[in-house]
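Take a look at the structure below.
The values are calculated or read from the model by the stated rules, or taken from the named source; none is laboratory data. Predicted model, so just to flag it, every value in this text is computed and none were measured. In this analysis, Cβ positions are derived from the backbone assuming ideal geometry, glycine residues included, and neighbour counts consider all displayed protein chains. Just so you know, the surface numbers come from the protein's heavy atoms only, side chains and all, with ligands and any DNA or RNA stripped out. Shrake-Rupley method; radii C 1.70, N 1.55, O 1.52, S 1.80 Å.
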Amino acid sequence: MSDDISQHIDQMIRHDDNPGGQPLPESFEALEPDQIALLLESLPLDARQHAWEHVPAELHADVLVAMRGEARESLLHHFDSATLDQLISDLDAETLIELAESLPEEVVDIALARMDDKQRTHYEQSARYDDNAIGRYVDHELLILPHNSRVRDAQRLLRRAVPAYTEHLWLVDRTGRYTGAVPITALFSAASHLPLTELCDSDLEPLQAKTELKEAADRFELAAVAALPVVGDNGLLLGRMPQRLSTEILHETYEAQLMATAGLNEEEDLFAPVMRSSRRRATWLGINLLTAFLASWTIGLFEGTLEQIVALAVLMPVVASMGGIAGSQTLTLIIRGLALGQITTANMMPLLKKELSVGGLNGVLWALVIGVVASLWFSSAAIGVVIALAIVINIAAAALSGVLIPVVLERFKIDPALSGSVILTTVTDVVGFVAFLGLGTLLLL
């Protein structure tokens, strides 16, 4: 599939560069909305605008929803009033929720005015929750029955169109509060007069609408169902979280963590304007520059030592690199554990001891190897001893930092994936240089 998208990208760009040459790709109708979205995001801005003209009008809303925020806004920015009017002519509540932040407020108001009362109510309920709450993105296509219904009522309901990801019927009381879920498979062998309440799945717990997206997706995985009901504070059934939504949340979460390690946002447009991208990246580069100056200042404290023993300058990158790699391994493991809820105050000390033991074992092993190599390289056993001790100290410090840094950041509500690696690199550089050059000063001068 990725090869197909790559071919479409090549054809689109060649056509845009030479309109009389390479023909446009085959009809967009052969592609799914998320594939079209990926294709559009992969095109330079001018080619993207041109390609958008060939997207079927009935797919516009779905494609825009599937696009990343910045890429979507790059298209919406060029929409005239007629195009916007066509876009919002028949939006449902879920689609408008996804597009609302990218649309002018007056356009959102017009779209709401065109909705029927049911869709408008759905939108208003969802809009009460913030961007990181599952209640904002609930799916409203679900089969609902009064809690006093019987099997025959459910069987009649199932003769109508059944939404995707449906394996339960949801029961509500007369005020709309959620009372239970009935597995559809239980209806096959049940007597038609039997009350549905006797067939309820007692193990299926609803999600609270204020539950954070990642937590909701994690709970969904454990539930092993096609959809989970979502309720408000008053127990009102707002909608459901289908498997599709859970998959999207997990995908976006992991992408956000990946981008955060470089100080970027998951909504970043591949072809965002140069000045905007430069401004964002400059901040991250500035933070890294400060940490680099700190490491350089540490080295400067031992300027006299370096002038007398040039071999230390040659070997310094080895110490920093070994500490950085060891620390990043621990850091990655701990960040994953925090994301999965595996790390608590109860298992923190055993985990810390384990990582220090791993760091100590690897530190001693590689210290011996590097110490021997350095001794032979510079014909000095003392230099071998200095770098071996520095490696042990730095790898141990890296293991300690790899555990504590993400835990402390998590306590302060700071994403460890965003800033953990920067802090860790600074720690391992500073500790490594101080240990190496300090020992060199003591043992070699």
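Can we say residue 321 is under 23 Å from residue 295 (Cβ atoms) and touching a Leu at 6+ places or on another chain (Cβ under 8 Å)? No; evaluated as a whole, the condition is false for this residue. In this structure, is residue 393 open to solvent by less than 40 Å² (accessible area, probe 1.4 Å), assigned to a helix (DSSP H, G or I), within 15 Å of residue 435 (Cβ to Cβ) and of a type in the set (A, V, I, L, M, F, W, C)? Answer is no for this residue. For the range 71-87, a residue qualifies if it is over 29 Å from the mean Cα position of the chain (by Cα) and surrounded by 16 or more Cβ atoms within 10 Å (Cβ to Cβ), and the qualifying residues are 79, 84. Would you confirm, using the coordinates I've provided, whether residue 348 is out of contact with any His (no Cβ under 7 Å at 6 or more places or on another chain), in contact (Cβ under 8 Å) with a residue 12 or more places away in the chain, in a helix (DSSP H, G or I) and surrounded by fewer than 17 Cβ atoms within 10 Å (Cβ to Cβ)? Answer is yes for this residue. Checking the structure you have, find out if any residue of the range 158-168 is of a type outside the set (Phe, Trp, Tyr), open to solvent by less than 30 Å² (accessible area, probe 1.4 Å) and closer than 20 Å to residue 228 by Cα. Yes, the range 158-168 contains a residue that is of a type outside the set (Phe, Trp, Tyr), open to solvent by less than 30 Å² (accessible area, probe 1.4 Å) and closer than 20 Å to residue 228 by Cα. The residue of the range 194-226 that is least open to solvent (accessible area, probe 1.4 Å), among those that are of a type in the set (S, T, N, Q) and either in a loop (DSSP other than H, G, I, E, B) or within 16 Å of residue 239 (Cβ to Cβ) (or both), is 211. Of all the residues in the range 132-168, those that are among the charged types (D, E, K, R) and either in a loop (DSSP other than H, G, I, E, B) or without any contact (Cβ under 8 Å) to a residue 24 or more places away in the chain (or both) number 5. Among the criteria (1) of a type in the set (A, V, I, L, M, F, W, C); (2) out of contact with any Phe, Trp or Tyr (no Cβ under 8 Å at 6 or more places or on another chain); (3) over 22 Å from residue 348 (Cα atoms); (4) surrounded by 18 or more Cβ atoms within 10 Å (Cβ to Cβ), the one residue 433 does not fulfil is (2). Only one of the listed residues (298, 283) is under 36 Å from the mean Cα position of the chain (by Cα), among the hydroxyl-bearing types (Ser, Thr, Tyr) and either at positive phi or modelled with pLDDT of 75 or more (or both). That residue is 298. Within the set 99, 45, 38, the sole residue that is modelled with pLDDT of 85 or more and open to solvent by less than 50 Å² (accessible area, probe 1.4 Å) turns out to be 99.
Filter the range 436-445 for residues that are open to solvent by less than 70 Å² (accessible area, probe 1.4 Å) and in contact with a helix residue (DSSP H, G or I) (Cβ under 6 Å, 6 or more places away or on another chain); which is farthest from residue 254 (Cα to Cα)? Step through it out loud before you land on a result.
Going through the range 436-445, the residues open to solvent by less than 70 Å² (accessible area, probe 1.4 Å) turn out to be 436-441, 444.
Adding the requirement that they be in contact with a helix residue (DSSP H, G or I) (Cβ under 6 Å, 6 or more places away or on another chain) leaves 436-437, 439-441, 444.
Values: 436: 37, 437: 39, 439: 42, 440: 43, 441: 45, 444: 48 Å.
Filtering the range 436-445 for residues that are open to solvent by less than 70 Å² (accessible area, probe 1.4 Å) and in contact with a helix residue (DSSP H, G or I) (Cβ under 6 Å, 6 or more places away or on another chain), the one farthest from residue 254 (Cα to Cα) comes out as 444.
The set of residues in the range 230-252 being of a type outside the set (A, V, I, L, M), within 23 Å of the chain's Cα centre (by Cα) and crowded, with 17+ Cβ neighbours inside 10 Å consists of 240, 242, 246.
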